[in-house]
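Written below as structure tokens is the structure these notes are about.
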Amino acid sequence: MENKFKLTREENVFIAKRNIVDYIWKSANLEGIGVTYPETQAIYDGGIVNGLTVDKIIAINNLKYAWQFILENDDIEYDYKVLCHLHKLTADKLVLDRDLGRIRTTPVNIGGTTWKPDFPIESKIKEELEEILNQDNKTKTEIAIEIMLWVMRRQMFIDGNKRVAMLFANKIMIDNGCGIITISQENQPTFYEKLIKFYETNDMNDLKQWIYDTSIDGMNL
């Protein structure tokens, strides 16, 4: 699985900033936060949007701050602490303070399937993360996709796992000039169908290849 794009970090950040509202809009809708693109743009710009719940406005602003964090920091390790910090940024004011940036201590249900994720154990999470990161035989693109899907299936946080997963994966992508992972509105139904299958089987190969084929944005400069 070759890197589709070979950019400098500066070039990749430029592309991300140019399309940032689109990425936030798609990521929000992937988590069931129903906002339109114009509403997302207005919130991003600090405007007033009538007819939206406070939680939706907070969620968009949180994604804005999380994206700023990954774009403005190129010297941060890809580790458990960053995962927890991204959860703090994306879930701020949306979950109880006791759950913010901490692995969950209560069971969760996954819509569309009877499969239930195991309780997360911090030491095990750290071990699995290191194993995925330290695969010298794989490109940064493949590693980023694998980590994204692993975080989604692990369900280590009480809420917002897909947002954290995509942000963490995109930090790897951007830091290494590989483009941006973003799932278009029209592809989201297929993504969910394949994600449920992955949840139930723990076989990510089909979904990983599909994301590689359909959901990496960038340009050759």
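Using the Karplus relation 6.51 cos²θ - 1.76 cosθ + 1.60 with θ = phi - 60°, the per-residue 3J(HN,Hα) values for segment 131-138 come to 4, 5, 5, 9, 9, 5, 8, 10 Hz, with x marking Gly and Pro. Is the C-alpha gyration tensor of segment 29-109 telling us rounded, prolate or oblate? Criteria: a/c under 1.5 is rounded; beyond that, a/b larger than b/c is prolate, otherwise oblate. Here segment 29-109 falls in the oblate category. Residues Met152, Met219 in ascending order of nearby Cβ atoms (within 10 Å, fewest first): Met219, Met152. Ordering Ile58, Ile24, Ile103 by the number of other Cβ atoms within 10 Å of each residue's own Cβ, fewest first, gives Ile58, Ile103, Ile24.
Over 26 Å apart at the Cα level, from the set Lys138/Lys194; Lys126/Lys171; Lys64/Lys116; Lys17/Lys194; Lys56/Lys197; Lys81/Lys138, are Lys64/Lys116; Lys17/Lys194; Lys56/Lys197. Size descriptor for the chain, Kirkwood hydrodynamic radius: 17.7 Å (Cα pairs only, one decimal).
Readers should treat all values here as calculations from the given coordinates under stated rules, not as data from a laboratory. The structure presented is a predicted model; accordingly, all values stated were derived computationally and were not measured. For neighbour counting, all protein chains shown are included, and Cβ atoms are generated from backbone atoms with ideal geometry for every residue, glycine included.
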